[in-house]
1. Mind listing the long-range amide H neighbours of residue 279? Cut-off is under 5 Å, sequence gap 5 or more, other chains count too, H placed in the peptide plane at 1.01 Å from N.
2. Could you tell me the calculated FRET efficiency between residue 338 and residue 364, based on Cβ-Cβ distance and R0 = 25 angstrom, to the nearest 0.05?
3. List, in order, the whole-Hz ³J(HN,Hα) value for each residue of the range 390-406 obtained from phi through the Karplus relation with A = 6.51, B = -1.76, C = 1.60 and θ = phi - 60°; use x for Gly and Pro.
4. When only C-alpha pairs under 8 Å and at least 6 residues apart count, what is the relative contact order of the range 107-177, in percent?
5. Can you list the residues of the range 331-353 with backbone N under 19 Å from a point 7 Å past the Cα of residue 126, pointing along Cα to Cβ?
6. Taking the simple approach of a point 7 Å from Cα along Cα-to-Cβ for both residue 243 and residue 287, what is their distance in nm?
7. 7 Å from Cα along Cα→Cβ at both residue 142 and residue 92: what's the point-to-point distance in nm?
8. Local charge sum around residue 405 (other residues, Cβ-Cβ under 12 Å, Lys/Arg +1, Asp/Glu -1)?
Amino acid sequence: MQRRAFIKNSGIALFAATLGGVPTFVRAAARDYRQPNGTRPKVLVTIFQRGAMDGLAAVQPLNDPHLKELRPGLVMDAARTGNDKVRALDDRFGLHPSLAPLLPFYEDGRLAIVHGVGSPNQSRSHFDAQDYMEAGTPGRKSTPDGWLNRVAGQLDGSGTPFRAVSLTPALPRSLYGTSYAISVERLEDLRLAAGLPAGMGGNAASEGFEALYRQTSADLLRSSGSVTLDATQMLAEAELDNYQPARGVRYPNSALGRSLRQIAQLIKAGVGLEIAFAESGGWDTHSRQGGAFGGFTQRANDLSACISNFWRDIAAHQDEVCLLTMTEFGRTVKQNGSFGTDHGRGSCLFVLGNSVRGGKIYGDVPALKVANLEDGRDLPVTTDFRSVFSGVAAQHLGVDGGEDLFPGWSGTDLKLM
């Protein structure tokens, strides 16, 4: 548990707990939590691919002669045989062989791809571009909250403490803000101790909010009202250790695999999860990126295996879930001298869900001749990331999109659902 991040977002509520018991924003963290209309809540699962994924490697134009000239060591041939050939999606694009586990979802019409997507801000700084994307305000560093926190703020007010959860070591910029959010790397860390540490007691407020957290956490995660199931029992370490994914599901032993496995646990446990955040790192492929083999392949193997296993694991809940990937920017169209690519502009992202209008590639990728490239080197951004994020949040979670989620933006939602 990242206590300081937790306290930053909920210190006032914790203080209120010492005055009048469990604050009103806490509902029972019980199995099969239902919304007021009797349905289980919709869940938006987001994956941030940190480092800037090469969209032209992930979803490659198939018949562009300029790509072969600019990427002689990276381009892949759809005509090859074997497992290392690019998988044709249509007559224009092909999927990287390491992303092949996602192909059945595309063919079933549940996976949509948005190409040429990115930020209107031209920063090629990882830190700035990630910050702008997570805040949802390109070019503005003063935004105090993140776009996912603003989404949480629009959801029905009767949610549980597990409404917004990031399975990461620290709270991501996307979830900064006034709405309640949890950041935890392992669900085991939410296991509650039976008693208080020696020396606790007295006026917890005088010992600071960290002490206050320790004293009130049992109340915050405890059942209330008509539901009596104890959240401590639900999240007990033994139960977590004994969790069995669906038959045939084998999550990779990676940070993303562990995160998605735990997100699946929360979804299936019915604890009221509505927003989930996970990360995939290592996409900064400056050297040895490779075509069918190399650094990109390793990251793509992990990403696709994690997503495909997660989707099969939540088979009974797929109608409730939409999964969205994102990355701060793309890579240069031309390979560099180290058989890699440098910081660029446009990339691509994936949207997976049973209600997604999939089996289609959205966005625009022009012929990759120099005259069509941004600054003569980059895939141009033809779809603003906010149109995708806003459209998915509005259409899947039923919140207000547009400027309510992305201050200062006057674009239109991309209709993917």
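Bear in mind these aren't lab numbers, they're just calculated from the coordinates by the rules spelled out. From a predicted model like this one, the values you see are computed outputs, not experimental measurements. No Cβ is skipped: glycine too gets one built from the backbone with ideal geometry, and neighbour counts run over all protein chains shown.
1. 48
2. Numbers: r = 30 Å, r/R0 = 1.19.
It comes to 0.25.
3. 5, x, 5, 5, 5, 6, 8, 9, x, 8, 7, x, x, 5, 5, 8, 10
4. Working: 54 pairs, mean separation 20.4, N = 71.
Reported as a whole number, the value is 29 percent.
5. Only 331-333, 336-348 fall inside the zone, counting backbone N under 19 Å.
6. 3.8 nm
7. Result for the modelled spin labels: 4.0 nm.
8. Values: positive: 150, 386; negative: 145, 400, 403, 404, 413.
Local net charge: -3.
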